[in-house]
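Contents: one structure, followed by commentary.
The values are calculated or read from the model by the stated rules, or taken from the named source; none is laboratory data. All figures in this text were calculated on a predicted structure; none of them were measured in a lab. Here Cβ is always computed from backbone atoms with ideal geometry, including for glycine, and neighbour counts include all displayed protein chains. We work out accessible area using only protein heavy atoms, side chains counted, and drop any ligands, DNA or RNA first. Shrake-Rupley method; radii C 1.70, N 1.55, O 1.52, S 1.80 Å.
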Amino acid sequence: EAIRKDLEQALRDQAIKILVILDDLDRLHPSEILEIFQLLKSTVDLPNVHYLLLCDRGNIEQSLEKQGFSAGYLEKIVQFGIELPKIPDGHLTDLLLQTLKALFLELAPKDSTWNEELEDQIRNGALASCFRTLRDVKRYTGELRLILPNFIRDGYFELNIIDFLELQALRLFSNTTIDVLYEQRDLLVDLVDESPFGN
């Protein structure tokens, strides 16, 4: 208690206010989320200290419920929340297309794979429906930046790009689908015993 009183006095004497920003809280394990909020509860009333929590409130409430706490627990700690608007339909797809185009031109400048037909396939196909958040687009294109160079030779892609893009999306957002495809691969492609890569 003495230490806390000294800290409170020192914070009151400061001519500045402190803003503590906590991002991606909803990505933590439920037990870690509970620990963070217990720490916040014990420090939230310190003078001149304010907290900005960036997270998906619904996910936080679900994690707290898994730990045996109701949504009311959060209301005791968080003074007010601001709901960010949903990204309008089409904006994520536009961002995905812009990022992919820049990536293609950077990695395979000689290749003419990127064209209006490919853009239409991505915009109107299954690929665009895989992305629900800005984070999804960034994760996906970040992984492509690492993987795609393995399939480029002399400035050209050596693969069917739309199939590759869709498989990468499945691998990232639906691992179980990829597992099933791999387990049932003999129904999808002919396996050649002489292949140097095996089955």
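Which condition number does ARG4 fail, the rest of (1) modelled with pLDDT under 90; (2) closer than 24 Å to GLY72 by Cβ being met?
(2)
List pairs: first in segment 150-178 and over 11 Å from CYS130 (Cβ atoms) and touching a residue at least 40 places away in the same chain (Cβ under 8 Å), second in a helix (DSSP H, G or I) and open to solvent by 70 Å² or more (accessible area, probe 1.4 Å), Cβ under 8 Å, 6+ apart or cross-chain?
PHE157/PHE151; ILE162/GLN121
Considering only segment 160-180, state which residues are over 23 Å from CYS55 (Cα atoms) and at pLDDT 85 or above.
ASN160, ILE161, ILE162, ASP163, PHE164, LEU165, GLU166, LEU167, GLN168, ALA169, LEU170, ARG171
Would you mind stating whether ASP111 is free of Cβ contacts under 8 Å to residues at least 24 places away in the same chain and not basic (Lys, Arg)? Steps first, please.
Values: free of Cβ contacts under 8 Å to residues at least 24 places away in the same chain: no; not basic (Lys, Arg): yes.
Answer is no for this residue.
Which of the residues belonging to segment 33-74 are aliphatic (A, V, I, L, M) and farther than 25 Å from ARG4 by Cβ?
First pass over segment 33-74, keeping only residues aliphatic (A, V, I, L, M): 33-34, 36, 39-40, 44, 46, 49, 52-54, 60, 64, 71, 74.
Those that are aliphatic (A, V, I, L, M) and farther than 25 Å from ARG4 by Cβ: LEU54, ILE60, LEU64, ALA71.
Within the group GLN121, GLN79, which residue is at pLDDT 85 or above and among the polar types (S, T, N, Q)? Break it down stepwise before answering.
Working: GLN79 fails: at pLDDT 85 or above.
Sole residue among the options that is at pLDDT 85 or above and among the polar types (S, T, N, Q): GLN121.
Please work out which residue is nearest to LEU22 (Cα to Cα), limiting yourself to segment 48-107 and to residues that are crowded, with 16+ Cβ neighbours inside 10 Å and polar (S, T, N, Q).
Out of the qualifying residues, it is SER63.
Being over 30 Å from THR43 (Cβ atoms), over 24 Å from the mean Cα position of the chain (by Cα) and in a helix (DSSP H, G or I) narrows it down to one residue among LEU100, LEU146, LEU92, LEU118; which is it?
Details: LEU100 fails: over 24 Å from the mean Cα position of the chain (by Cα); LEU146 fails: over 24 Å from the mean Cα position of the chain (by Cα); LEU92 fails: over 24 Å from the mean Cα position of the chain (by Cα).
It is LEU118.
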